[in-house]
Amino acid sequence: VDVFRTGWGTLRAIWQLYWLYPDVVFGKGGYVSYPALFAAWFLRIPVVIHESDSVPGKVNKWAGAFARRVAVSYPDAAGFFKKEKVAFTGNPVREEVMHPVKDGSHEYLHLEKDIPVVVVLGGSQGAQLINQAVLDALPRLVEKYQIIHQTGKINFNFVKSAAEAMLLTSQFKSRYQPFEHLNSLTLRMAAGAADLIISRSGSTIFEIAVWGVPAILIPISESNGNHQLKNAYSYARSGAAVVVEESNLTPNLLRAEIDRLIENEPDRIKMQQAAQGFARLDSARLIAQEILTIALEHEK
């Protein structure tokens with residue numbers, strides 16, 4: 001069915017772009033961008049594309065052949081396009097979460113001052129595998145660390161109830177704080193307090209890099225084109241993170257990696273510096289500037 005929808009969408013895109021005739025078309029890749037990009041190619045309208053992953057998808061690989069400019073989020077992606085077209089811009093990060101809040105973060109989140117903080121981000125929907133690994137390791141983790149855990153809305157009640165049962169007799173149960181979702185302010189506070197972040201490896205990677213926090217990345221093992229796995233290793237090569245694949249994830253391994261990174265301050269400082277080196281605070285401006293430059297060419 002999608003083949004017919006895409007075909008019909010392509011015809012509609014040609015018709016609509018013919019009447020609108022924009023000065024430039026910007027594409028982010030994915031099959032949904034194909035009709036508009038095809039229409040732009042057919043009508044000879046300049047195209048700018050942005051590739052968010054370390055390995056481009058099929059549409060961006062195809063569009064890269066005729067695009068005027070190609071912006072990439074990972075240096076690894078540059079090799080898939082003509083060198084003269086490529087600009088390493090990084091990936092735009094939401095303005096409302098770009099700057100972590102350090103002053104007052106412990107008070108806001110009711111954290112103890114001298115106990116390391118581990119923030120677990122399973123994505124807005126949560127990640128059941130990560131949630132379970134954290135729960136299984138929880139009694140030992142809270143002896144040494146404070147855990148801020150974004151569980152996802154679907155998993156919140158189960159994780160909260162299971163954690164309460166597991167920590168019922170623990171003197172450190174207040175060190176575990178589950179949230180179904182972290183709003184922008186709470187996320188900035190958590191980032192400001194964090195010594196280590198555990199996360200999937202989607203677009204959150206770029207937020208973690210901007211925050212300058214060391215990370216343990218647990219990519220989805222069977223995502224489309226294995227993009228999360230490739231992104232995780234690409235980011236890890238910068239020195240800012242370590243990768244634990246889902247097939248290797250156990251509570252003991254997770255706890256051991258947390259211990260290794262928290263207890264080794266020189267390595268953690270190097271990871272912070274590597275994250276800051278990878279981050280691009282001006283990504284949105286660079287991409288917008290290139291789009292405007294091409295769009296205004298006929299004004300010169």
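The values are calculated or read from the model by the stated rules, or taken from the named source; none is laboratory data. Owing to the predicted nature of the structure, the values given are computational and were not obtained by experimental measurement. Here the Cβ positions follow ideal geometry from the backbone for every residue, glycine too, while neighbour counts run over all protein chains shown. Surface areas here come from the heavy atoms of the whole protein model, side chains and all, with no ligands, DNA or RNA. Shrake-Rupley method; radii C 1.70, N 1.55, O 1.52, S 1.80 Å.
Over the chain, with a Gaussian network built from C-alpha contacts below 10 Å, which listed residue (PRO100, PRO219, PRO22) shows the highest mean-square fluctuation?
PRO22
At a 1.4 Å probe, what is the % contribution of carbon and sulfur to the accessible area of the stretch 154-218?
Here carbon and sulfur together make up 54 percent of the probe-accessible area.
Can you tell me the FRET efficiency between ALA87 and ARG44 if r is taken as the Cβ-Cβ distance and R0 is 25 Å, rounded to the nearest 0.05?
Calculated value: 0.65.
Where in the stretch 87-108 does the amide nitrogen come within less than 19 Å of the point 7 Å from the Cα of ARG68, taken along Cα to Cβ?
87-89
Would you compute, from DSSP H runs of 4+ residues alone, the mean residue ellipticity of the chain at 222 nm, taking -39500 (n - 2.57) per run and dividing by the full residue count, rounded to the nearest 500?
So the calculated ellipticity at 222 nm is -13000 deg cm²/dmol.
Reachable lysines from LYS113, Cα under 29 Å, same-chain residues fewer than 8 places away excluded?
Straight-distance partners of LYS113: LYS102, LYS144, LYS153, LYS160, LYS173, LYS270.
List the lysines whose Cα lies under 26 Å from the Cα of LYS28, skipping any in the same chain that are fewer than 8 positions away.
LYS58, LYS61, LYS82, LYS83, LYS85, LYS230
Per residue of the stretch 199-211, what does 6.51 cos²θ - 1.76 cosθ + 1.60 with θ = phi - 60° give for ³J(HN,Hα)? Whole Hz please, x for Gly and Pro, Karplus curve as stated.
These are the phi-based 3J(HN,Hα) values: 7, 5, 10, x, 5, 4, 3, 6, 5, 4, 5, 4, 6 Hz.
Determine the percent antiparallel among the DSSP beta bridges restricted to the stretch 147-256, to the nearest 5.
Beta bridges within the stretch 147-256, antiparallel portion: roughly 0 percent.
Only loop residues by DSSP count here, and only those with at most 13 other Cβ atoms within 10 Å; note down the trypsin sites (Lys or Arg not before Pro) in the stretch 70-135 that meet that.
Taking the stretch 70-135 and a limit of 13 other Cβ atoms within 10 Å, the loop trypsin sites (Lys or Arg not before Pro) found are LYS82, ARG94, LYS102, LYS113.
On the full set of protein chains, 1.4 Å probe, figure out the accessible area of TYR31 and give it in Å² to the nearest 10.
It works out to around 150 Å².
For the stretch 116-204, run through the GluC sites (Glu not before Pro) and keep only the ones in DSSP coil with at most 15 other Cβ atoms within 10 Å of their Cβ.
Answer by residue number: GLU143.
Using a probe radius of 1.4 Å on heavy atoms only, what accessible surface per residue do you get for the chain? Whole Å² is fine.
Using a 1.4 Å probe on heavy atoms only, each residue of the chain averages 51 Å².
Leaving out ligands, DNA and RNA but keeping every protein chain, what accessible area does ILE269 have, in Å² rounded to the nearest 10, with a 1.4 Å probe?
Rounded to the nearest 10, the figure is 70 Å².
What nm value, rounded to one decimal, do you get for the distance between SER174 and ILE14 when each label is placed 7 Å out toward the C-beta?
Reported label-point gap for SER174 and ILE14 is 6.9 nm.
Could you give the size of the charge dipole of the stretch 210-282 about its Cα centre, using +1 on the Cβ of each K and R and -1 on the Cβ of each D and E, expressed in debye and rounded to the nearest 20?
I would put it at about 200 debye.
With all protein chains present, calculate the accessible area of SER238 using a 1.4 Å probe and round the result to the nearest 10 Å².
50
Please tell me the relative contact order of the stretch 20-161 in percent, rounded to the nearest whole number, where contacts are Cα pairs under 8 Å and at least six residues apart.
The value is 15 percent.
What is the distance in Å between the Cα centres of the stretch 222-300 and the stretch 173-188?
That distance is 22 Å.
Going by amide H atoms built from the backbone, whose H comes under 5 Å of the H on GLY27, apart from near neighbours?
Those lying under 5 Å, H to H, from GLY27 are VAL48, ILE49, HIS50.
Ordered by residue, what ³J(HN,Hα) values in Hz, to whole numbers, does the stretch 133-140 give under the Karplus form 6.51 cos²θ - 1.76 cosθ + 1.60, where θ = phi - 60° and Gly and Pro are x?
5, 5, 4, 5, 8, 4, x, 7
Using only the Cα atoms of the chain, each taken as one equal point scatterer with no solvent, compute I(q) by the Debye sum, divide by I(0), and report log10 of the ratio at q = 0.08, 0.10, 0.15, 0.17 Å⁻¹.
Taken in order of the listed q values, log10 I(q)/I(0) reads -0.42, -0.62, -1.12, -1.32.
Which loop-located GluC sites (Glu not before Pro) does the stretch 200-300 contain, where loop means any DSSP state but H, G, I, E or B and the Cβ has at most 10 other Cβ atoms within 10 Å?
GLU222
Can you tell which of SER199, ASN264, GLY7 lies farthest toward the positive end of the dipole of the chain, using +1 and -1 charges on the Cβ of basic and acidic side chains (Lys, Arg; Asp, Glu)?
The listed residue farthest towards the positive side: GLY7.
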